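Here's the structure, in structure tokens; my notes come after.
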Amino acid sequence: MTVNEQIKSVAEKNLEENTSEYYQFGYKVFGPFLLGFTAWLAEKTKENSIEKILFFARDGYMMQKAYNEFPLVEHIDNDYFYCSRKSLRQSLLWKLHTYKDSIKYVNISKFVSMGYMLEYYGFSNAEAIEICKQENVSIDYSVPYSEVKDNEVYKNLYLKYQKTIEENSKRQDDLLFQYVKQFNLPVRVAIVDIGWHSSMQYYFEEFLLQHGIDAVISGYYVGNYSFYDLKGPGFGYLFSDGKDPNRKKVMCSHGVMEKLFQSLEGSTAAYELDDGQVSPVNSEYEYGSDKNIVSCISSWQEAALAFIKDFFADRNTLMNLKEYANPLIDFGLKPSIADTKVFSFFYNVDGQKYFFLPQKKIFQYKPGELLRALNYSPWKTGFMKSLFKMPFPYYVIYRTLS
């Protein structure tokens, strides 16, 4: 029996036909992926003699649930660790006293927006909107990554708010140090996250080094192609090399994958001291007021865990672990119109709101507006399929242009 036959057999035996399309998606597509990833994670952490696992918020939410419920493995001590790119980066900025140094941790991307820069420097969304109003600049203003270091708008922004940035950073650095100490880290520590470029591992290693915390960090990710000089190793379930053909196949729909794993709470924005203990302060959940989206996410997460339980109840044995990711990879690579509708109203918030799919018909877009929407979409193949609706080789187009 092949992996695909295993998945089909489990679904036919256990999945009721009258379940919602989101439950069906979670069971048939996300469930096998979560199964393969969790089996790989258990195998690799045991192989590398890991003493403690930190599942990073928010992507580590479903990863920890699946790991702790996974049968047939000896579970390593683990915790859910509240952090984000923002909370880790912000703790590092107070030691950087020039604009050139301050952009050291800006993510490498095609374009860097004003919204992103304000979020990067630690401002809330409300603060960012007010600053843009005061400075008479659009929050959508953006420049290519290569131009950030010489951009006068961003440089002047930093110089004007430098004192506030550094004061907030130092306060959060002290609180994060206390928060980390609460976990009593051993020497061999694993962090588990969605991955892509190991930025979280890089920030965390920098933080531990600055505070003299003697822990060796290993990263375990869905995919990993690091742009950073990491001190510890980073491993990827689907790829660990920029030349791996799986990398582009995964990255064309990376936003879909991220949304599958995340907890139903806002990203970690900062830390606070409460009765002697440091606790995370989460930003407002982007879908907090949308009960429909919350219901969709809850449904596919419940279904994915049900698939894993049913898989082992049917006495199946694991085969090639990467092959369990194929249904989700195929969903991202060559979606049908029906597939795109599953995520038609989803969006990410990273300084500003970016929708997965076009929110207008093609003739309603201005040329520059359309290119911008496509560029910021975290599901490029789905965006093009939803926009043009024709049976074109959208992944080939993405692979050629990216």
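Look at segment 205-217: where a residue is at pLDDT 95 or above and a partner is among the charged types (D, E, K, R) and in a loop (DSSP other than H, G, I, E, B), sitting 6+ places away or on another chain with Cβ atoms under 6 Å, you get GLU205/LYS231. Taking the criterion of being open to solvent by 60 Å² or more (accessible area, probe 1.4 Å) and either in a helix (DSSP H, G or I) or touching an Asp or Glu at 6+ places or on another chain (Cβ under 9 Å) (or both), the residues of segment 15-51 that qualify are GLU21, LYS28, GLU43, LYS46, GLU47, GLU51.
Taking segment 103-130 as the range and being open to solvent by 10 Å² or more (accessible area, probe 1.4 Å) and assigned to a helix (DSSP H, G or I) as the test, the residues that pass are TYR116, GLU119, ASN125, ALA126, GLU127, ILE129, GLU130. For segment 317-371, which positions are in a helix (DSSP H, G or I), open to solvent by 50 Å² or more (accessible area, probe 1.4 Å) and under 30 Å from THR268 (Cα atoms)? Selection gives LYS341 alone. Tell me, yes or no, whether segment 54-63 has at least one residue that is surrounded by fewer than 21 Cβ atoms within 10 Å (Cβ to Cβ) and either out of contact with any helix residue (DSSP H, G or I) (no Cβ under 9 Å at 6 or more places or on another chain) or over 20 Å from ARG171 (Cβ atoms) (or both). For segment 54-63, residues surrounded by fewer than 21 Cβ atoms within 10 Å (Cβ to Cβ) and either out of contact with any helix residue (DSSP H, G or I) (no Cβ under 9 Å at 6 or more places or on another chain) or over 20 Å from ARG171 (Cβ atoms) (or both): present. Within segment 131-154, the set of residues being part of a helix (DSSP H, G or I), among the charged types (D, E, K, R) and either in contact (Cβ under 8 Å) with a residue 12 or more places away in the chain or in contact with a Ser or Thr (Cβ under 9 Å, 6 or more places away or on another chain) (or both) comprises GLU135, LYS149. Considering segment 131-161 alone, what residues qualify as being closer than 28 Å to ASN282 by Cβ, among the polar types (S, T, N, Q) and either open to solvent by 40 Å² or more (accessible area, probe 1.4 Å) or in contact with a Gly (Cβ under 6 Å, 6 or more places away or on another chain) (or both)? Once the filter is applied, which keeps residues that are closer than 28 Å to ASN282 by Cβ, among the polar types (S, T, N, Q) and either open to solvent by 40 Å² or more (accessible area, probe 1.4 Å) or in contact with a Gly (Cβ under 6 Å, 6 or more places away or on another chain) (or both), segment 131-161 yields GLN134, SER138.
The values are calculated or read from the model by the stated rules, or taken from the named source; none is laboratory data. Just so it is clear, the model here is predicted, and its values are computed rather than measured. All Cβ positions, even for glycine, are placed from backbone atoms using ideal geometry, and neighbour counts span all protein chains on display. The area values use the complete protein model at the heavy-atom level, side chains included, leaving out ligands, DNA and RNA. Shrake-Rupley method; radii C 1.70, N 1.55, O 1.52, S 1.80 Å.
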